[in-house]
Amino acid sequence: MNYYNNIKQELINNEIYKKVKDYSKNKSDLETYYKVGKILFEAGKHYGESIIKEYSKKLTNELGKGYSTTNLKYMRQFYLFQKSQTLSDKLTWSHYTELLSITDETKINYYIKITEEQNLSVRELRNKIKLNEYERLDEKTKLKLIQKQENSIEDYIKNPIVIKNKNYEVISEKLLKQLILEDIDNFLKELGSGFCYIENEYKIKIGDRYNYIDLLLFNIEFNCYVVIELKITELKKEYIGQIETYMNYIDKNIKSINQDKTIGIIIVKKDNQYIMEYCSDSRIYVSKYNLV
């Protein structure tokens, strides 16, 4: 078999196809690079690792840029990668090159899933991997991903939640809220999918006194309000009572009959699992924040 000619022909066909049918060029790229990767894998078994460098020089001379040794190795790796994965043409070749260094299949599937759902750019995907988003998921969530179980609203709340800081040394609750609001889109994505911003310092009246919810959100996927309370200390038992009161107020006075019960998220500097052991309200979740 003439491995080189087969590779060259696949790449030429792909370039022609993309010019004729521009709307599906991404799918053509992925299918072509898979086929090329398979041929490279077979060629390597016969001629050894050095064959990639040889083919790279010939392809570059004959077809131009884009066929470096690194790119050809990516194609071979993509073939091995796709043997155990379902191809998604919602991801580009550049997306996949960001994922090829990951060996954990569940982790890969997670990043494919959120790239599809959130329509992530390559830069956004790279940043999520860099910030170890998958590693910040709860272990129960990772198990659900492995078992392909249905997820609930709390599954994708990261812990810790990453918040961008402009080199402030002293952080108050007011400043923490300001940092969140200045980067609200990324904050909502840190919580998961479907979160929408409603208002900060949301005013409610309990008895003859006004209270202010730090952040009030709504999740369109799970059809419920979300109360966020920000604390710059360790979790304390009174925080549980406070957010529970706010959640109950929203349920009684704001939510409609066709909406699910409100959930609450307390974002703290330091968690205290001992307190959560005695929290009987399963709608309340706690996450730490991490300033970067």
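Over all projection directions, the Cα-based convex hull of segment 186-277 averages an area of 6.5 nm². Calculated mean residue ellipticity, 222 nm, the chain: -15500 deg cm²/dmol, from DSSP H runs (n ≥ 4) at -39500 (n - 2.57) each, averaged per residue and rounded to 500. Normalised by 2.2 N^0.38 Å, where N counts its residues, the alpha-carbon radius of gyration of segment 178-236 equals 1.23. For segment 1-116, the fraction of alpha-carbon pairs lying more than 17 Å apart is 55 percent, rounded to a whole number.
The share of alpha-carbon pairs in the chain lying farther apart than 27 Å comes to 53%. For the residue pairs LYS90/LYS231; LYS174/LYS236; LYS142/LYS164; LYS113/LYS288, the C-alpha atoms sit more than 29 angstrom apart in LYS90/LYS231. Most simply put, the chain has about 50% antiparallel DSSP beta bridges, counting only bridges with both residues inside it. Dimensions of segment 78-200 along the principal axes, based on C-alpha atoms and rounded to the nearest Å, stand at 50, 29, 25, largest first.
Relative protection proxy for 149-162, 53-66, from highest mean packing down: 149-162, 53-66 (other beta-carbon atoms within 10 angstrom).
Each value in this text was obtained by applying a stated rule to the coordinates, not by laboratory testing. For clarity, every value in this text was computed on a predicted model and none was experimentally measured. So basically every Cβ, Gly included, is an ideal-geometry build from the backbone, and we count neighbours across all protein chains shown.
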